[in-house]
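Beneath this line is the structure, given in structure tokens, with notes to follow.
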Amino acid sequence: MTAQLHCFGESGNCYKAALTMALAGYDWEPVFVDFFHGAARTPEYLALNEMGEAPVFVEDGLKLTQSCVIQLHVAEKTGMLLTGDQDEILRWLFWDGQKGSGQQGSLRFLMNFLPEEKRPQEAIKWLSGRVMTALGTLDRHLEGRDWMVGDAPTIADTACCGYLYYPEPWGFDRKDYPNIDRWLDRIAALPGWKHPYDLMPGNPSDRA
């Protein structure tokens, strides 16, 4: 059975799982979640994932939620994207969930996907400071490195890059972070890489 990933293109968390499968050569197909029209809050979807979140991975009766869990499953099953210190890989997956994607996604949402008159400027200002501090940490870590951990790409890379290819403005400018910039180019050069809007269905232009 081809694995299904319930996802939508605007989500960096979905992208982390989708990109991991794409780079690992995993057999999968996307199932569009119309998140911005409430699909994740329906009884049917909550029966699939009580958290009301995407992504959800389904294959042969197995159901997984949370992007890092899906990433680990795919990497362990394929034997790919796990080369290097396992503790260090996990350290950066957890860092991303708290300090990376966990903050970047919220900031990008507040600045782009809420109606302009409802965007909380004080919250945006506070969160922007935290996000830029974390990006500084990531840029310093990548100085003199090709990859997040060791000498090869791992799920630490596909986790920490989750929101960094999106075009919507949320304060991140690649030229301000030269080590991140070069690292993103290296990831994009890997066989199987696609931009999130090409890898998954769902694009802000669909609602324009």
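Any read-out appearing in this document is the output of simple, stated calculations on the displayed coordinates, not a laboratory observation. Note that this is a predicted model, so its numbers are computed, not measured. Cβ: placed from backbone, ideal geometry, glycine included. Neighbour counts: every protein chain shown.
Going by Cβ distance under 4.7 Å, what cysteines of the chain have no possible disulfide partner?
When partners are defined as cysteine Cβ atoms under 4.7 Å apart, the chain leaves CYS68, CYS160, CYS161 without one.
If you average over every viewing direction, what projected area does the convex hull of the Cα atoms of region 75-155 give, in nm²?
6.5
Around TYR26, what is the net charge, scoring Lys/Arg as +1 and Asp/Glu as -1 over all other residues with Cβ under 12 Å from its Cβ?
Net local charge, TYR26 excluded: -3.
Hey, for a label at GLU116 modelled as a point 7 Å past Cα toward Cβ, could you say which residues of region 164-208 have their backbone N under 11 Å away?
Hits in region 164-208 for GLU116 at 11 Å: none.
From the backbone phi of region 37-53, what are the Karplus-calculated ³J(HN,Hα) couplings (6.51 cos²θ - 1.76 cosθ + 1.60, θ = phi - 60°) in whole Hz, Gly and Pro given as x?
With the stated coefficients, region 37-53 comes to 10, x, 4, 6, 9, 6, x, 5, 6, 5, 5, 7, 8, 4, 7, x, 10 Hz.
How big is the charge dipole of region 55-96 about its Cα centre, in debye rounded to the nearest 20, if each Lys and Arg gets +1 on its Cβ and each Asp and Glu gets -1 on its Cβ?
Magnitude of the dipole: close to 140 debye.
Among all helices in the chain defined by DSSP H, which have a length of 20 Å or more along the axis from Cα atoms plus a Kyte-Doolittle mean of at least 1.0?
none
Can you pull the semi-axes for region 41-185, root of five times each eigenvalue of the Cα gyration tensor, sorted largest first, whole Å?
26, 25, 11
Taking just the alpha-carbon atoms of region 147-208, what radius of gyration and Dmax come out, in angstrom?
12.9, 42
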